[in-house]
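The values are calculated or read from the model by the stated rules, or taken from the named source; none is laboratory data. As the structure is a computational prediction, the values presented were derived from the model and not from experiment. Every residue, glycine as well, gets a Cβ built from its backbone with ideal geometry; the counts of neighbours run over all protein chains shown. Note: areas computed on protein heavy atoms with side chains; ligands, DNA, RNA excluded. Shrake-Rupley method; radii C 1.70, N 1.55, O 1.52, S 1.80 Å.
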Amino acid sequence: MKSAILRPSFCLILAAVLFSLPFAAAAADLKPEEDKPGNDGWVSLFNGKDFTGWYTYLDSSGKNKDPKGVFKVENGMIHILDVPLSDGKTPDGKSDNGYLATTQDFSNVRIHAEYKWGVKRATEGKRNSGLLYLAVGSDAIYPTSLECQIEETDVGDLWIVNGASVTAFFIAPSMPMYDDDMQAGTRVRSAPGESLRVLKSGDFENRDGWNTVEVIIQGDRSTHLVNGRIVNNARDIKRPDPNDPSHTIPLTSGRILLEAEGSEIWFRDIRIKPLGPSEKP
């Protein structure tokens, strides 16, 4: 995903305002396990045994066709791109881009996932993956959505994917811009088949161990957190209107995707918390 880059600046005042806003509604058709004490309303999306509630998609083979075993369940965790090595370091042949996607759409939730890097990679560049959310439309590389980037040194970047659009707030007018002097509150829309990137604030990733990424979705707004720190947010999230692509409509519900993008990675503790009207992040 390469296109224009915007650089946000973390703002404590805006963060405080953000935390004061209530959350509304709940995820579609999912309820917490009421007999499990202390779960605080969290619902697991991954059972640790198989991909019930998920499906795979690979650019080379399509939906639920994974002949190389790009996606595996091991020791209660999701293991991505643990494929045979041709040279002791890189995957054998060109690595498949793809994702593991939920079969359900979600809105008004807090998404929690933990990850750590493996050692295998398809290129010499940064290890790369991602958590996409509000994904809609046909499966492709990649569907209309937003992405919380998971890439070494860039965890928490916001990618605006395949026609999606947002209003970006964490942009400081005094900081250098990469796209025509963008100001805070600028409307940013990606073209179909392309993506735009808004850089996160701060670097809070542990590159040698487990990390937590969270995305809070409230209506047409989202917030990215890395190891408990707010690093990015978007407002007024929209998608092209299927009936008239020249216009946009609110994007408030969609699938959750975990990327396979050339690097071995583990995921665990993938869960969501439906957010009610009086709840705060």
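List the residues, sorted by chain then number, that are 5 or more residues from Glu151 or on another chain and whose placed amide H is less than 5 Å from its amide H.
Long-range HN contacts for Glu151: Ser129, Gly156.
Restricting to DSSP loop positions (anything but H, G, I, E, B) with no more than 14 other Cβ atoms inside 10 Å of their own Cβ, which trypsin sites (Lys or Arg not before Pro) remain in the stretch 206-249?
Those that pass, being in a loop and sparsely packed, are Arg207.
May I ask you to compute the full-extension gain from Arg207 to Lys126, defined as 0.36 nm times their residue separation minus their alpha-carbon distance, rounded to one decimal in nm?
This chain segment gains 28.1 nm when fully extended.
For Trp54, Trp42, give the ranking by accessible area with the largest first, probe 1.4 Å.
The residues order as Trp42, Trp54, largest area first.
Between beta-carbons, use under 10 Å as the cut-off and find the net charge around Ser263, counting Lys and Arg +1, Asp and Glu -1.
Taking every Cβ under 10 Å from that of Ser263, the sum is -1.
Between Thr103 and Thr153, what is 0.36 nm times their sequence separation minus the Cα-Cα distance? Round to one decimal in nm.
15.0 nm
Say R0 is 22 Å: what FRET efficiency, to the nearest 0.05, do Lys116 and Thr52 get from their beta-carbon distance?
0.40
Can you tell which of Ile237, Gln218, Ile256 lies farthest toward the positive end of the dipole of the stretch 211-281, using +1 and -1 charges on the Cβ of basic and acidic side chains (Lys, Arg; Asp, Glu)?
Most positive-ward Cα: Gln218.
So, counting K/R as plus one and D/E as minus one, what does the shell of residues with Cβ under 11 Å around Glu151 add up to?
Summing Lys/Arg as +1 and Asp/Glu as -1 gives -2.
Solvent-accessible area of Asp208, probe 1.4 Å, all protein chains present, reported in Å² to the nearest ten, please.
Here the accessible area works out near 150 Å².
Suppose every Lys and Arg Cβ carries +1 and every Asp and Glu Cβ carries -1, with no other charges. What dipole size does the stretch 190-264 come out with about its Cα centre, to the nearest 20 debye?
For the stretch 190-264, the charge dipole is close to 280 debye.
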